[in-house]
Amino acid sequence: MTVPFDIAIIGAGPAGMAAAHEANSLGLSAVVIDEQNAPGGQIYRNVQRVIAERPEDIRILGTEYACGNGLADGMQSSGIKHLAGHMVWQIERDGTVWCSDGNKAKRIQARTVVLATGAMERPMPVPGWTLPGVMTAGAVQILMKSAAMIPDGPVVLAGSGPLLLLVADQLIQSGARLAAIAETTSFSHYLAALPKLPKALSAMEYLKKGLQMRRRIKASGVPIISGISGLRINGGAKATGITFKAGGRTHTIAAETVLLHQGVVPNTQASRQLRLDHGWHDTQHYWYPKTDVFGATSEEKVFIAGDGAGIFGAMAAEVSGRLSVLQIASHLGVIDVAERDRKAKPLFSEKHHHDAIRPLLDALFPPPAEILNPRDDATIICRCEEVTAGDIRKAASLGAPGPNQLKAFLRAGMGPCQGRMCGLAVTEILAAALGKSPVDIGAYRIRPPLKPLSLAELADMDTDPGTVTSSSL
Amino acid sequence: MPISTAHKNYDVAVIGGGMIGPALAIGLAERGMKVCILDEGDDVLRVARGNFGLVWFQGKGFGMPRYVEWSRRSAKLYPSFAAELKENTGVDIGHANPGGLELLLGDEELAHRRHFIGQIYQQGGGNEYEVEFLDRKQTESMLPGIRLGDEVVGASYSPIDGHVNPLFLLRAMHTRFQQLGGTYLPHHRVSGVVKNGQAYDLQTAAGTVSAPKVVIAAGHGLRELGPPLGLNIPIRPQRGHILVTERTQQILPMPMSAFRQTREGSIMLGVSAEEAGYNDMVDTATIAKIAQRAGRIIPALRNLNIVRTWAALRVLTPDKCPVYQESQSHPGIYAVASHSGVTLAAVNAKVASGWIADDPAPEEFEAFSSERFNAQKTA
Amino acid sequence: MLKRRHSDSEVVAITVDGVAVEARAGESVAAAVLVSSSEATRTTPVSESPRAPYCMMGVCFECLMEIDGVANRQACMVQVAPGMRIQRQLGARDLRGAE
């Protein structure tokens with residue numbers, strides 16, 4: 001007989017690990033399913049190994065990064081089942097989760113699901129962004145964390161956002177050769193952000209960290225060019241540098257590695273596949289699944305914790321993971337509402353503290369219009385199927401009312417990444433072309449598998465309920 | 001109520017922008033009529049985006065010889081229809097007519113298929129019916145380089161079968177329609193149709209559109225729109241699933257009713273049939289079954305990655321044959337319903353459109369009337 | 001092209017397009033390949049345009065490579081293992097002879 005888990009937690013980043021910890025302490029049975037081989041998510045990627053094998057790198061990667069070690073150790077030493085190296089490819093509204101270890105597909109049954117699937121960097125479509133040598137800033141940070149690697153040869157960073165500066169700072173400290181930092185942020189953004197400053201002052205540690213970072217970068221002598229526009233990447237078989245406009249003139253900077261970053265956005269593949277209600281963030285231009293203060297969604301058994309429900313950062317993600325589990329425990333009758341509220345109270349005030357910095361950051365680093373809706377018709381939007389901004393505008397003029405008809409017309413979003421790279425841009429380009437708001441345009445429908453799965457695995461799996469249960473794992 | 005920006009005097013208003021509406025609309029526009037298509041928004045039960053893409057003859061028309069002829073006629077019209085679309089719009093719909101196979105696993109499937117195809121042949125009264133049975137060896141010779149699974153005993157084959165890229169067909173038809181001066185009106189969901197003098201007013205949230213003739217090609221929307229207009233056509237949704245693999249080098253030389261390789265290289269695997277009401281969520285057990293069967297027929301497919309799956313809702317009549325019906329209580333209002341929008345696109349554009357434009361109705365059309373369901377009920 | 005800041009981890013011998021490469025334990029295939037070359041790691045099945053890893057976290061699918069005979073795997077999501085055979089994925093995969 002099937003004994004379902006109380007909670008299936010998808011993702012072992014800060015939200016997922018904290019949720020697992022909370023579930024364990026409340027005596028709930030939970031399974032954490034994560035694609036990585038070790039806990040940490042992207043923010044705490046490989047943290048246990050870094051601390052054990054090259055602790056000196058914490059100086060570069062930061063003490064905040066080291067904080068993840070406690071969470072990861074805590075989760076692993078608890079009774080929580082951790083399915084590492086498992087890719088979730090289908091989630092059903094009743095709590096059935098299908099995953100694969102790369103060889104065999106499995107079915108997991110749970111009473112509730114907590115999506116802790118986090119964020120991804122906003123894809124940054126500019127001419128030339130598909131060339132080898134172009135990566136995201138986050139990608140290079142992952143390489144620093146997971147493999148102690150840095151680019152060999154000159155590097156240029158372009159875009160905006162806290163992570164862009166953080167990675168620049170870490171690269172400088174690691175001895176990488178930075179040719180320049182070209183940021184889309186300009187003086188006008190600082191003016192726009194100014195009214196948000198008083199609220200942000202309550203989260204002083206974030207402000208301090210940001211200012212220190214900027215000071216260190218400045219001291220290193222790496223040129224920072226602000227208020228850039230018209231960014232394009234040069235090169236034929238691979239990137240050779242970037243060209244952009246700033247201060248009324250055109251700049252070209254040679255580099256072997258081009259790192260792009262334009263903020264992070266929730267990864268909504270799973271929430272879209274479940275057809276949860278989504279909202280649109282007007283300043284940061286991203287979709288987020290609508291949740292209440294506990295992370296409950298439009299589907300009764302599905303909760304979302306962490307940046308997957310909106311970008312608030314790792315510390316807030318941890319808190320939201322705990323809050324989701326408290327609500328689930330009260331739904332399952334493990335704790336009563338009074339106890340839920342008693343435990344939740346300090347968490348809410350902690351969350352409030354971490355959230356205070358967000359309006360300032362959102363206003364300071366908005367994605368520029370030319371990234372959301374690239375003007376150059378030849379810019380590739382769908383990297384997999386090689387569909388350009390011009391193709392999309394042409395389909396809009398044919399009357400494609402939204403992304404799904406457009407997908408049908410152009411195959412955009414039909415490649416292996418399943419729309420992760422082009423989804424937001426397609427919505428924005430259609431919205432601009434049709435004079436509508438992104439909310440009226442909508443988003444791609446997402447269907448299983450969430451990631452490609454071999455036909456053999458699909459064919460050979462046991463679809464019978466109860467094949468993988470809390471007792472047989 | 002806001003006035004639609006496209007409030008003009010049309011000769012025909014077509015409700016539905018899927019496979020059937022645009023095909024008919026192209027034909028009407030080619031006949032010099034002023035036509036608009038009223039469509040819903042992006043998030044719609046659009047079976048036209050869920051198609052497999054077969055232009056299929058074998059096995060169609062059980063119980064209705066006229067439907068056998070109609071499918072054959074459309075398949076024969078396809079090459080010129082596709083060429084015309086390409087010439088005028090630049091969109092290559094990828095039509096090919098290499099013949100098609102239905103591969104059969106085990107003697108029981110073979111016997112069942114023989115019986116079924118035999119019945120369709122016999123109902124034709126000894127007329128030519130271009131379907132033959134191949135043994136395993138003959139089947140292998142049609143699929144060079146492919147190792148068939150051990151259970152494959154043979155196939156039924158028809159030289160008339162073929163396939164297209166249904167999504168490019170949809171885009172090409174929309175493009176062609178607008179080239180011919182047609183007006184496409186998305187976000188015009190029709191809430192009601194009322195008689196207004198010589199014309200009908202189609203009410204939408206975006207304004208009212210008027211035309212003396214109205215074609216309802218609205219798929220499942222017919223259930224709501226039809227009855228007040230004297231069109232009680234018993235259609236129901238039947239869910240079907242399709243799996244799509246990553247792109248690979250060309251390996252399948254011809255479509256099979258369960259697989260076809262697109263010109264882009266991905267392989268589509270189908271198809272299921274479930275009664276699930278209007279639920280178009282993907283069912284995991286069903287896609288697993290499709291994957292199992294595919295691997296039993298062509299084991300090499302097991303190596304491929306599935307990148308997408310989807311479920312769509314067929315528009316099914318009780319006898320699975322199409323309906324073309326003019327309302328008796330509301331002359332000038334026509335309903336067309338079929339789950340075979342791809343196969344019939346050519347004949348809908350070239351022939352069925354004439355029935356609406358007042359050419360003499362094709363002889364098939366008596367058989368396609370929805371009266372047949374009333375007759376069955378009273379019999 | 002990338003370089004390692006530390007090289008004291010355990011060496012893992014792999015091949016990339018038949019050429020012997022020394023990776024380090026714990027590295028992803030994508031990382032190991034990026035240390036040995038700055039060339040494209042795949043060409044697209046659409047137009048054979050050159051591509052290389054972009055996100056390193058499993059969302060962009062630009063790092064698809066053939067690993068131990070299995071085509072189109074996400075090289076950033078697979079850890080190196082001794083004796084691993086890695087091939088660039090050039091154009092669409094070929095199913096013939098794949099069984």
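Some observations on this one:
- If you filter the range A:35-58 down to residues that are away from every other protein chain (no Cβ under 12 Å) and surrounded by fewer than 21 Cβ atoms within 10 Å (Cβ to Cβ), you find that the one that is nearest to C:E10 (Cα to Cα) is A:I51.
- In the range B:157-179, the count of residues that are within 14 Å of another protein chain (Cβ to nearest Cβ), loosely packed, with under 15 Cβ neighbours inside 10 Å and at pLDDT 95 or above is one or more.
- Residue list for the range A:99-117, filter: open to solvent by 20 Å² or more (accessible area, probe 1.4 Å) and either touching a residue at least 24 places away in the same chain (Cβ under 8 Å) or among the hydroxyl-bearing types (S, T, Y) (or both): A:N103, A:K104, A:K106, A:R107, A:Q109, A:R111, A:T117
- Failed item in (1) open to solvent by 20 Å² or more (accessible area, probe 1.4 Å); (2) at positive phi; (3) within 14 Å of chain B (Cβ to nearest Cβ), with A:G85 passing the rest: (3)
- Identity of the residue in the range A:164-176, open to solvent by 30 Å² or more (accessible area, probe 1.4 Å) and within 11 Å of another protein chain (Cβ to nearest Cβ), that ends up farthest from A:T257 (Cα to Cα): A:Q173
- The residue of the range C:14-48 that is nearest to the other protein chains (Cβ to nearest Cβ), among those that are within 19 Å of A:T257 (Cβ to Cβ) and surrounded by fewer than 19 Cβ atoms within 10 Å (Cβ to Cβ), is C:E39.
One line per residue, one yes/no per condition, for (1) more than 30 Å from A:I43 (Cβ to Cβ); (2) not small (G, A, S):
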| site | (1), (2) |
| --- | --- |
| C:E10 | no, yes |
| C:D17 | yes, yes |
| C:A20 | yes, no |
| C:A30 | no, no |
| C:T41 | no, yes |
| C:V46 | yes, yes |
| C:M65 | no, yes |
| C:R85 | yes, yes |
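- A:A180 vs. criteria farther than 25 Å from C:A32 by Cα, part of a helix (DSSP H, G or I) and away from chain C (no Cβ under 14 Å): no
- Of all the residues in the range A:134-163, those that are open to solvent by less than 10 Å² (accessible area, probe 1.4 Å), outside any strand (DSSP E or B) and more than 14 Å from chain C (Cβ to nearest Cβ) number 1.
- Residues of the range A:407-424 satisfying the condition of being open to solvent by less than 10 Å² (accessible area, probe 1.4 Å) and not in a loop (DSSP other than H, G, I, E, B): A:A408, A:F409
- The set of residues in the range B:100-132 being in contact with a Phe, Trp or Tyr (Cβ under 6 Å, 6 or more places away or on another chain) and surrounded by fewer than 20 Cβ atoms within 10 Å (Cβ to Cβ) consists of B:Y121, B:E132.
- Residue match in the range B:187-207 (condition: under 30 Å from B:W310 (Cα atoms), among the charged types (D, E, K, R) and outside the structural domain of B:N303 (by TED's automatic domain parsing)): yes
- Subset of the range A:310-341 [touching a residue at least 60 places away in the same chain (Cβ under 8 Å), open to solvent by 10 Å² or more (accessible area, probe 1.4 Å) and in a helix (DSSP H, G or I)]: A:A314, A:M315, A:E318, A:S320, A:R322, A:H331
- With respect to the conditions (1) touching a helix residue (DSSP H, G or I) at 6+ places or on another chain (Cβ under 9 Å); (2) within 30 Å of B:L169 (Cβ to Cβ); (3) not in a loop (DSSP other than H, G, I, E, B), A:P401 falls short on a single one, namely (3).
- The set of residues in the range C:49-77 being more than 8 Å from every other protein chain (Cβ to nearest Cβ), modelled with pLDDT of 95 or more and assigned to a loop (DSSP other than H, G, I, E, B) consists of C:C63, C:D68.
- Scanning the range A:434-452 for residues that are within 22 Å of the chain's Cα centre (by Cα) and either touching a residue at least 60 places away in the same chain (Cβ under 8 Å) or more than 9 Å from chain B (Cβ to nearest Cβ) (or both) yields a count of 11.
- Highlighted here are the strands (runs of 3 or more DSSP E) found entirely within the range A:233-279 that include at least 1 residues which are farther than 21 Å from A:G313 by Cβ: A:239-246, A:249-254, A:257-262.
For every residue, the table says whether it meets (1) at pLDDT 95 or above; (2) closer than 24 Å to C:T43 by Cα; (3) in contact with a strand residue (DSSP E or B) (Cβ under 9 Å, 6 or more places away or on another chain).
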| site | (1), (2), (3) |
| --- | --- |
| A:A389 | yes, yes, yes |
| A:A456 | yes, no, no |
| A:T463 | no, no, yes |
| A:V468 | no, no, yes |
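- Identity of the residue in the range B:38-50, open to solvent by less than 30 Å² (accessible area, probe 1.4 Å) and more than 9 Å from every other protein chain (Cβ to nearest Cβ), that ends up nearest to B:L316 (Cα to Cα): B:G50
- In the range B:262-379, counting only helices (runs of 4 or more DSSP H) that sit wholly within it, none holds 2 or more residues that are modelled with pLDDT of 95 or more, more than 14 Å from chain A (Cβ to nearest Cβ) and open to solvent by 60 Å² or more (accessible area, probe 1.4 Å).
- Among the residues making up the range B:230-251, those that are over 21 Å from B:S340 (Cβ atoms) and surrounded by fewer than 21 Cβ atoms within 10 Å (Cβ to Cβ) are B:G230, B:N232, B:Q249, B:Q250, B:I251.
The values are calculated or read from the model by the stated rules, or taken from the named source; none is laboratory data. Values in this document were obtained by computation on a predicted structure and should not be read as measured data. Cβ coordinates were reconstructed from backbone atoms using ideal geometry, including for glycine residues, and neighbour counts include every protein chain displayed. Please note that ligands, DNA and RNA were not included when accessible areas were found on the heavy atoms of the full protein model with its side chains. Shrake-Rupley method; radii C 1.70, N 1.55, O 1.52, S 1.80 Å.
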